2 protein chains.
Amino acid sequence: MTPLAATDVVDAAARIAGVVHRTPIQRSRLLDERCGAEVLLKCEHLQKVGAFKARGAANALALTDPAATHRGVACHSSGNHGQAVAWAARAAGVPAWVVMPEGSSAVKLTAVAGYGAEVIRCGPDLASRSEVLARVVDRTGATEIHPYDDPAVIAGAGTAALELIEEAPDLEMLLVPVGGGGLASGTTLAAGGRVVWGAEPAGADDAARALRARRLVDASPPNTIADGLRATLSERTFAMISAGVERIATVTDDEIRVAMRFMWERTKQLIEPSAAVPVAVGLRGDLAGRRVGIILTGGNVDLDALQW
Amino acid sequence: MTPLAATDVVDAAARIAGVVHRTPIQRSRLLDERCGAEVLLKCEHLQKVGAFKARGAANALALTDPAATHRGVACHSSGNHGQAVAWAARAAGVPAWVVMPEGSSAVKLTAVAGYGAEVIRCGPDLASRSEVLARVVDRTGATEIHPYDDPAVIAGAGTAALELIEEAPDLEMLLVPVGGGGLASGTTLAAGGRVVWGAEPAGADDAARALRARRLVDASPPNTIADGLRATLSERTFAMISAGVERIATVTDDEIRVAMRFMWERTKQLIEPSAAVPVAVGLRGDLAGRRVGIILTGGNVDLDALQW
């Protein structure tokens with residue numbers, strides 16, 4: 001396998017231009033004050049499907065084997081990736097199947113179905129997800145799109161940082177949340193030598209521990225409100241993060257809640273808990289004196305389940 | 001008294017430029033679909049203090065008698081106007097007193113005090129507010145800034161529509177929420193002959209009833225979640241609205257809740273109930289076929305009290 005390079009992100013950007021939004025960059029004077037830093041916010045909560053995941057799904061779909069594209073795409077996901085695959089398939093006019101575990105929120109089930117995908121339920125564990133997805137792929141001939149362990153998805157995710165740097169080339173540093181590590185991996189490709197940090201919930205800190213141990217570690221069962229960051233690194237994302245991410249900062253769920261509420265109340269931007277994770281790192285003071293780009297990864301919140 | 005004219009809004013815009021934000025205009029494809037209309041959203045929830053009220057307060061403060069300016073400004077308000085006056089005073093380097101009734105939310109008390117104003121508590125009824133404010137003005141020599149029954153506040157409020165029209169001259173229509181009527185009055189001045197509609201909660205519909213009766217009507221006690229729209233028209237705003245507003249549409253609190261939730265979930269913009277009132281008019285279909293500018297008046301929500 002040829003390793004991914006910066007040109008893959010540039011190619012992905014050209015491929016998905018006009019399909020995904022070029023999202024705005026926002027500033028907040030108060031956030032800068034509280035962080036003691038200059039913080040540029042890349043607004044992927046304003047992206048198609050309300051999350052940066054649209055970028056990877058669109059790029060991966062565009063890169064499926066042309067002979068197979070018409071048979072559609074499939075994935076398992078309880079979150080934003082499922083919506084992204086459903087949306088990208090509709091945009092391309094091909095069918096999609098999304099395997100969603102029991103316990104997925106009604107809002108997300110409805111959203112995926114609303115994009116025209118067929119929702120297939122499975123058990124809550126990863127084994128059940130994989131097994132049900134394998135059957136779907138077998139039956140339909142659909143191409144699986146993995147949420148992060150896929151070069152096309154990683155390159156697509158990197159286009160958010162690419163756009164940010166194009167508009168703010170004097171950024172010194174990029175800070176992104178880490179779940180399965182696809183966004184962090186893509187960001188290292190786009191960073192052009194800038195420092196890249198990851199931000200992770202303390203209750204799902206396998207990446208931080210892996211970076212310290214210099215090997216993949218067993219993930220404890222995740223326990224965090226940042227529902228988009230419960231996945232664990234793959235060999236591929238671990239290798240890319242090891243090579244390109246300087247540090248992974250962890251924050252508690254309380255810090256995440258405070259950061260999310262700060263963003264809602266002060267910037268009026270409805271971001272999801274996962275997107276608040278890097279903001280929490282800033283509010284704690286870890287970015288002092290820097291000029292940093294943060295990717296606000298998504299804005300999909302179940303308002304019925306909201307608890308401060 | 002010389003009646004206000006469009007030039008007063010143009011003058012106000014020049015006066016407050018650089019003090020208030022020139023807020024962005026947003027679009028939502030889904031909102032357009034649901035409304036069957038082209039809707040341009042003027043984002044005053046991203047304004048200083050999170051509400052268009054910053055415009056009127058800044059203009060009024062700039063127009064106080066120069067001999068009295070240093071003695072500061074005062075108002076009574078349980079809401080955004082109090083924050084706006086406190087903020088404008090701090091920006092001008094003069095003191096401010098804000099009379100706030102019992103029952104004002106802790107969030108709003110903290111915000112007003114946070115801008116450096118002195119908060120003075122009063123009873124919940126209008127008589128107590130007026131009496132306490134009169135004593136403050138007597139004692140301090142501060143200039144009162146009324147939330148809407150003031151030519152400078154009205155002209156300042158009109159600058160939101162002015163900016164919107166400058167960037168989108170092909171708008172056919174403007175739609176704004178109506179409480180005391182200051183924003184609607186200012187908008188008629190800026191509209192340049194375009195149709196202006198107001199939007200009002202059914203539980204605080206004195207303006208709609210006044211327009212039908214062709215005279216000010218007794219307001220029943222307001223009963224609506226749109227806490228920014230509980231005030232009633234003055235002679236001045238009634239006259240201006242009668243002359244320049246074609247229709248005032250009313251919506252129920254349920255319609256307001258649905259519209260607010262739509263905006264939160266779909267546009268990720270945290271707007272307050274009052275700002276959702278014109279959106280509700282659109283979602284009901286009343287704007288079909290039009291190209292309309294809606295002013296999203298504010299984004300100050302008490303998240304602790306949030307109930308869908």
Could you check how many residues of region A:219-241 are more than 17 Å from the chain's Cα centre (by Cα) and not acidic (Asp, Glu)?
5
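Check region B:265-278 and report whether any residue there is under 21 Å from residue A:302 (Cα atoms), touching a residue at least 24 places away in the same chain (Cβ under 8 Å) and among the small types (Gly, Ala, Ser).
Residues of region B:265-278 that are under 21 Å from residue A:302 (Cα atoms), as a first pass: B:265-273, B:276.
Narrowing the set further to residues that are touching a residue at least 24 places away in the same chain (Cβ under 8 Å) leaves B:266-267, B:269-273, B:276.
Cutting the leftovers down to among the small types (Gly, Ala, Ser) gives us B:276.
Taking every residue of region B:265-278 in turn, at least one turns out to be under 21 Å from residue A:302 (Cα atoms), touching a residue at least 24 places away in the same chain (Cβ under 8 Å) and among the small types (Gly, Ala, Ser).
Picking from A:86, A:58, A:68, which residue would you name as being aliphatic (A, V, I, L, M), surrounded by fewer than 24 Cβ atoms within 10 Å (Cβ to Cβ), touching a residue at least 12 places away in the same chain (Cβ under 8 Å) and not assigned by TED's automatic domain parsing to the domain that holds residue A:21? So that I can check it myself, show each step before the final result.
Values: A:86 fails: surrounded by fewer than 24 Cβ atoms within 10 Å (Cβ to Cβ); A:58 fails: surrounded by fewer than 24 Cβ atoms within 10 Å (Cβ to Cβ).
Matching residue, one of A:86, A:58, A:68: A:68.
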Which of the residues that make up region A:89-99 are out of contact with any strand residue (DSSP E or B) (no Cβ under 6 Å at 6 or more places or on another chain) and touching a residue at least 12 places away in the same chain (Cβ under 8 Å)?
A:90, A:91, A:92, A:94, A:95
Region A:92-184: strands (runs of 3 or more DSSP E) wholly inside it with 2 or more residues that are under 26 Å from residue A:65 (Cα atoms) and out of contact with any Cys (no Cβ under 6 Å at 6 or more places or on another chain) are A:96-101, A:118-122
Need the failing condition index for residue B:17 against (1) among the hydrophobic types (A, V, I, L, M, F, W, C); (2) free of Cβ contacts under 8 Å to residues at least 24 places away in the same chain; (3) surrounded by 18 or more Cβ atoms within 10 Å (Cβ to Cβ), just the number.
(3)
Do we find a residue being in the same structural domain as residue A:18 (by TED's automatic domain parsing), surrounded by fewer than 24 Cβ atoms within 10 Å (Cβ to Cβ) and at pLDDT 95 or above anywhere in region A:182-190?
no
(1) within 20 Å of the chain's Cα centre (by Cα); (2) farther than 26 Å from residue A:266 by Cβ: which one isn't true of residue B:132, the others all being true?
(1)
Go through region A:291-303 residue by residue and tally those that are crowded, with 19+ Cβ neighbours inside 10 Å and either in contact (Cβ under 8 Å) with a residue 40 or more places away in the chain or closer than 20 Å to residue A:196 by Cβ (or both).
9
State all residues of region A:35-49 that are in a helix (DSSP H, G or I) and either more than 14 Å from chain B (Cβ to nearest Cβ) or closer than 9 Å to residue A:84 by Cα (or both); if no residue qualifies, say none.
A:35, A:48, A:49
Matching entry among A:248, A:241, A:271 (being part of a strand (DSSP E or B), modelled with pLDDT of 95 or more and closer than 15 Å to residue A:176 by Cα)
A:248
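Listed here are the residues, each with its yes/no results for (1) touching a residue at least 60 places away in the same chain (Cβ under 8 Å); (2) farther than 30 Å from residue B:251 by Cβ; (3) buried (at least 18 other Cβ atoms within 10 Å of the Cβ).
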{"residue": "B:101", "(1), (2), (3)": "no, no, no"}
{"residue": "B:127", "(1), (2), (3)": "no, yes, no"}
{"residue": "B:150", "(1), (2), (3)": "yes, no, yes"}
{"residue": "B:156", "(1), (2), (3)": "yes, no, yes"}
{"residue": "B:160", "(1), (2), (3)": "yes, no, yes"}
{"residue": "B:164", "(1), (2), (3)": "yes, no, yes"}
{"residue": "B:167", "(1), (2), (3)": "yes, no, no"}
{"residue": "B:172", "(1), (2), (3)": "yes, no, no"}
{"residue": "B:175", "(1), (2), (3)": "yes, no, yes"}
Among the residues of region B:268-288, count how many are more than 8 Å from every other protein chain (Cβ to nearest Cβ), closer than 15 Å to residue B:40 by Cβ and of a type outside the set (A, V, I, L, M).
2
Among the residues in region A:193-204, are any at pLDDT below 95, part of a helix (DSSP H, G or I) and surrounded by fewer than 22 Cβ atoms within 10 Å (Cβ to Cβ)?
no
Of everything in region B:289-308, what is within 14 Å of chain A (Cβ to nearest Cβ) and over 17 Å from the mean Cα position of the chain (by Cα)? Give them in sequence order.
B:302, B:303, B:304, B:305, B:306, B:307, B:308
Looking at (1) buried (at least 19 other Cβ atoms within 10 Å of the Cβ); (2) assigned to a helix (DSSP H, G or I); (3) within 14 Å of another protein chain (Cβ to nearest Cβ), which is the one condition that is false for residue B:258?
(1)
Tell me, yes or no, whether region B:53-74 has at least one residue that is outside any loop (DSSP other than H, G, I, E, B), in contact with a strand residue (DSSP E or B) (Cβ under 9 Å, 6 or more places away or on another chain) and of a type in the set (Asp, Glu).
no
Those residues of region A:13-34 that are under 30 Å from residue A:287 (Cα atoms) and in a helix (DSSP H, G or I) come to a total of 7
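Quick check, is residue B:175 in contact with a strand residue (DSSP E or B) (Cβ under 8 Å, 6 or more places away or on another chain) and under 14 Å from residue B:81 (Cα atoms)?
Taking the combined requirement at face value, the residue does not satisfy it.
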Right, residue B:29: modelled with pLDDT under 95, within 14 Å of another protein chain (Cβ to nearest Cβ) and surrounded by fewer than 22 Cβ atoms within 10 Å (Cβ to Cβ) or not?
yes
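The values are calculated or read from the model by the stated rules, or taken from the named source; none is laboratory data. None of the values given here were measured: they were computed from a predicted structure. Virtual Cβ from ideal backbone geometry, glycine too; neighbours counted across all protein chains shown.
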